[in-house]
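First comes the structure, then the notes that go with it.
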Amino acid sequence: EASGPLSGLLAGKHVLITAGGTREPLDPVRYLGNKSSGKQGVALAEAALAAGADVTLVHAPLEVPAPAGARLQPIETALELRSATLAAAASADVVIMAAAVADFRPANISTGKIKKRDDVADPVITLVRNPDILAEIVAHRAAQNQQQLIVGFAAETGDDEADARTYAQAKLRRKGCDLLVVNEVGPGETGSERVFGRDSNQVEIIALDGAGPVLAGGSKREVADAVVRVIAGRLGAP
Ligand code: CTP
Ligand code: CA
């Protein structure tokens with residue numbers, strides 16, 4: 001793929017990026033979380049800034065510093081991420097959903113700290129589904145007849161029924177976003193070990209309109225640069 005400076009590729013564009021893993025509270029001191037470090041989302045924000053974009057970063061707690069120059073909107077839960085993201089999406093030319101959004105949240109949040117008790121049974125956590133924010137953004141764009149490029153992320157593994165690429169294609173169609181950045185997770189490997197918290201990444205960028213997949217690998221910043229180039233190409237940049 002083409003390399004060279006990103007400078008000016010996204011000048012004048014408002015790019016909304018979500019990053020990090022959401023936290024779903026159980027009680028005042030505990031939450032359900034995931035292993036996302038936020039590194040890929042932060043790298044995307046840095047790449048978009050380098051390309052001259054106006055960047056909003058809606059982020060769950062990050063293991064790396066948030067980039068200077070982005071408009072930061074810290075959140076913790078999926079529901080908070082949803083409201084911040086939907087609000088910022090109204091003026092965004094590009095939305096990149098790099099956050100690891102919890103699929104479920106505890107049905108009830110205990111107002112006091114959950115305690116061990118010998119006289120009652122151990123607690124059972126009931127979970128409820130979180131909204132699919134990416135799908136909501138896609139639906140919103142259609143309802144508003146808005147010009148917006150929407151990019152999702154996915155880590156897929158293959159199994160006995162289909163390979164990872166088949167699952168990624170199905171997810172792309174189900175979500176209805178324009179581009180899906182798919183982490184390549186080979187058979188027998190656990191995606192989490194290969195991706196989460198690591199400094200490098202290997203992805204395939206697939207498109208809903210069937211445009212040829214773009215392969216990118218290297219540091220998370222190199223992957224981010226490749227994603228920015230594909231986005232700029234779609235927006236008609238030189
Ligand atoms: N996503 C989202 N809202 C959710 C879950 C996921 O916006 N409640 C977004 C993620 O940010 C990512 C994309 O959807 O850009 C794909 O996430 P993924 O977890 O792979 O998809 P799911 O639909 O949750 O499918 P799965 O059951 O495989 O986790
Ligand atoms: Ca999920």
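The values are calculated or read from the model by the stated rules, or taken from the named source; none is laboratory data. Because the structure is a prediction, the values reported are computed rather than measured. Note that each Cβ is placed from the backbone with ideal geometry, even for glycine, and that neighbours are counted across all protein chains shown. Just the protein is used for accessible areas: all its heavy atoms, side chains included, with ligands, DNA and RNA removed. Shrake-Rupley method; radii C 1.70, N 1.55, O 1.52, S 1.80 Å.
Considering the range 63-100, and only residues there that are farther than 25 Å from Ala51 by Cβ and not acidic (Asp, Glu), the residue that is farthest from ligand 1 (Cβ to nearest atom) turns out to be Ser83. Within the range 25-37, is even one residue out of contact with any Gly (no Cβ under 7 Å at 6 or more places or on another chain), touching a residue at least 24 places away in the same chain (Cβ under 8 Å) and buried (at least 19 other Cβ atoms within 10 Å of the Cβ)? Within the range 25-37, none of the residues are out of contact with any Gly (no Cβ under 7 Å at 6 or more places or on another chain), touching a residue at least 24 places away in the same chain (Cβ under 8 Å) and buried (at least 19 other Cβ atoms within 10 Å of the Cβ).
Which of the following residues is within 21 Å of the chain's Cα centre (by Cα) and surrounded by 17 or more Cβ atoms within 10 Å (Cβ to Cβ): Gly158, Gly152, Gly176? Of Gly158, Gly152, Gly176, the one residue that is within 21 Å of the chain's Cα centre (by Cα) and surrounded by 17 or more Cβ atoms within 10 Å (Cβ to Cβ) is Gly152.
Of all residue pairs spaced 6 or more apart or on separate chains, those with beta-carbon atoms under 6 Å, a first member in the range 44-56 that is of a type in the set (D, E, K, R) and a second member that is in a loop (DSSP other than H, G, I, E, B) are Glu46/Pro67.
Screening the range 125-238 for strands (runs of 3 or more DSSP E) wholly inside it with 2 or more residues that are over 23 Å from Ser91 (Cα atoms), modelled with pLDDT of 95 or more and of a type outside the set (S, T, N, Q) returns the ranges 127-129, 200-207, 214-219. Considering the range 65-91, and only residues there that are among the aliphatic types (A, V, I, L, M) and more than 16 Å from the chain's Cα centre (by Cα), the residue that is nearest to Gly236 (Cα to Cα) turns out to be Ala90. Within the range 56-72, being part of a strand (DSSP E or B) and surrounded by 21 or more Cβ atoms within 10 Å (Cβ to Cβ) holds for Thr56, Leu57, Val58, His59. Residues of the range 7-20 being surrounded by fewer than 21 Cβ atoms within 10 Å (Cβ to Cβ) and at pLDDT 95 or above, which ones? Those that are surrounded by fewer than 21 Cβ atoms within 10 Å (Cβ to Cβ) and at pLDDT 95 or above: Gly8, Ala11, Gly12, Lys13, His14. In the range 92-109, of all residues being surrounded by fewer than 15 Cβ atoms within 10 Å (Cβ to Cβ) and in contact (Cβ under 8 Å) with a residue 24 or more places away in the chain, the one that is nearest to the chain's Cα centre (by Cα) corresponds to Asp103. Going by the conditions given, is Asp122 within 16 Å of ligand 2 (Cβ to nearest atom) and either without any contact (Cβ under 8 Å) to a residue 40 or more places away in the chain or open to solvent by 90 Å² or more (accessible area, probe 1.4 Å) (or both)? The answer is no for Asp122. The residues on offer are Asp118, Asp103, Asp122, and the sole one that is within 28 Å of Asp209 (Cβ to Cβ) and either more than 10 Å from ligand 1 (Cβ to nearest atom) or at pLDDT 95 or above (or both) is Asp103.
The combined condition, being under 23 Å from Val228 (Cα atoms), within 15 Å of ligand 1 (Cβ to nearest atom) and among the aromatic types (Phe, Trp, Tyr), is fulfilled by Phe153.
Looking at (1) crowded, with 16+ Cβ neighbours inside 10 Å; (2) part of a helix (DSSP H, G or I), which is the one condition that is false for Ala87? Tallying (1) crowded, with 16+ Cβ neighbours inside 10 Å; (2) part of a helix (DSSP H, G or I), Ala87 fails exactly one: (1). For the range 40-55, does any single residue satisfy the condition of being farther than 28 Å from Ser7 by Cβ and open to solvent by 40 Å² or more (accessible area, probe 1.4 Å)? Looking for residues that are farther than 28 Å from Ser7 by Cβ and open to solvent by 40 Å² or more (accessible area, probe 1.4 Å), one finds none in the range 40-55, hence no. Is at least one residue of the range 111-125 more than 22 Å from Lys13 (Cβ to Cβ), small (Gly, Ala, Ser) and more than 15 Å from the chain's Cα centre (by Cα)? The answer is yes, given that some residue of the range 111-125 is more than 22 Å from Lys13 (Cβ to Cβ), small (Gly, Ala, Ser) and more than 15 Å from the chain's Cα centre (by Cα).
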